[in-house]
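The values are calculated or read from the model by the stated rules, or taken from the named source; none is laboratory data. In this text, all values refer to a predicted model and were calculated from it rather than measured experimentally. Note that each Cβ is placed from the backbone with ideal geometry, even for glycine, and that neighbours are counted across all protein chains shown. The protein model used for the area step is the full one, side chains on, heavy atoms only, and it has no ligands, DNA or RNA in it. Shrake-Rupley method; radii C 1.70, N 1.55, O 1.52, S 1.80 Å.
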Amino acid sequence: MRHSKIVGLGHHVPENVITNEYLSTLMDTNNDWIVERTGIHERRWMDPATDTVANMAAKASRIALSRANLTENEIDFIVFATITPDYFFPGSGVLLQRALGLDGRIAALDIRNACSGFIYALSVADQFIKTGMYKTILVVGAEIQSTALDISTAGRNTAVIFGDGAGAVILQPSDKPGILSTHLHSDGNFAEELYVKDPGSSRPHAERQPEKILDTSTFKVVMNGSQVFKHAIVRFIEVINEALDANNLKKDDISLLVPHQANLRISQYIQQKLALSDNQVYNNIMRYGNTTAASIPIALSEAWAEGKIRENDLICLAAFGSGFTWASALIRW
Ligand code: COA
């Protein structure tokens, strides 16, 4: 049977470092509160002069390609996870295709599953490799959250959490896995617990005019932090155990868990519940905040570059976020 394998990975984050101290000048917050409740020390926010979702993704993709010893022209499919595309439409996949200088031969697909988006994208790409339809798939997670945040005291529960960045992996066929399994879940009953309402299409025409939308500020992130937290800690554990059970593996077999970087307290809770050692869990939320669909590929790329992922290691990815959606992937490296 044909399997898929990650053959290259890379990431790119904006230069612009936003410290907790800087945020304290914009809103009523402070470094101690942010570090204690979230673990975040700083995050990167886009520079409008240089950064777009597509061009950050292109930078991450080129690093992944060069580490895989491949060129742009070998890509035959792009799967792009983002909830913050550069345009309302078209999606970011086609903009990345253009940025990489690829012609009209290849397909580009956008995935809008928020913090679980990268694992959903990886799962889609894995299926296409297994069927034999594509041979070299670029899977990307990239986000610019900073421009939709309410950077006043009214928005402080979200403004301190989110950051911008991009990560990319290349998948190719392999005789043995590679990706052992992916498990995907959703529950739309909680859609409004973490969402951005506009520019939604369900409003009457008169209410959907730009000046009305700006007046009501409904294009900003709304989050019920405690609800998200409570569901996240349950679903993360469930979906990691689901992956292990499906592969007849135990939590001790995990070489490295790379959880979506939602909140350091969530990662620490998972680590404690699963009795994993510090060496078995990778966190970088301290430096980048929560970068939504980009967080897992950025963390995976950093962990790999730091030598924390070696051949034959068992890597577990897990995510939870808006939707609610949650997902896991088990990978034999
Ligand atoms: N600085 C200072 N005070 C803040 C603050 C900030 N940035 N944000 C909120 N507060 C205040 C609140 O207004 C509240 O004040 P009050 O008690 O006077 O009303 C107090 O801190 C406690 O707020 P609460 O929301 O109960 O805090 P919390 O301990 O739940 O932490 C989050 C808030 C957002 C950090 C936490 O709920 C969380 O991380 N949830 C999960 C979020 C997440 O992971 N989202 C992404 C999912 S992919």
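Summary of values
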| read-out | value |
| --- | --- |
| Sequence of H185, H3 when ordered by accessible area, the most exposed leading, probe 1.4 angstrom | H185, H3 |
| Contact order normalised by residue count of region 184-323, Cα under 8 Å, 6+ apart, percent | 31 percent |
| Point-to-point label distance, D103-E21, nm (Cα→Cβ direction, 7 Å offset) | 5.4 nm |
| Kirkwood hydrodynamic radius of region 85-189, from inverse mean 1/r over distinct Cα pairs, in Å | 15.9 Å |
| Low-density loop cleavage sites - GluC sites (Glu not before Pro) in region 280-333, where at most 13 other Cβ are within 10 Å (DSSP) | E306, E311 |
| Carbon and sulfur %, accessible surface of region 260-333 computed with the full protein complex present, 1.4 Å | 42 percent |
| Full-stretch length increase - K176, M286 - with 0.36 nm per residue and alpha-carbon distance subtracted | 36.1 nm |
| Whole-number accessible area per residue in Å² for region 3-176, which is evaluated in the context of all protein chains at 1.4 Å | 41 Å² |
| Mean separation of Cα contacts under 8 Å (6+ apart) over length of the chain, as relative contact order % | 26 percent |
| Antiparallel DSSP beta bridges within region 3-176, as percent of all bridges there, nearest 5 | 65 percent |
| Debye equation applied to the C-alpha atoms of region 180-332, log10 I(q)/I(0) at 0.14, 0.17, 0.20 Å⁻¹ | -0.71, -0.95, -1.22 |
| Surface/4 estimate of mean projected area, convex hull on alpha-carbon atoms of the chain, nm² | 16.7 nm² |
| For the chain, share of DSSP beta bridges that run antiparallel, in % to the nearest 5 | 70 percent |
| Theoretical ellipticity at 222 nm over the chain - DSSP helices of four or more residues, -39500 (n - 2.57) apiece, nearest 500 | -10000 deg cm²/dmol |
| Sites V222 and E36, calculated FRET efficiency, Cβ-Cβ separation with R0 25 Å, nearest 0.05 | 0.60 |
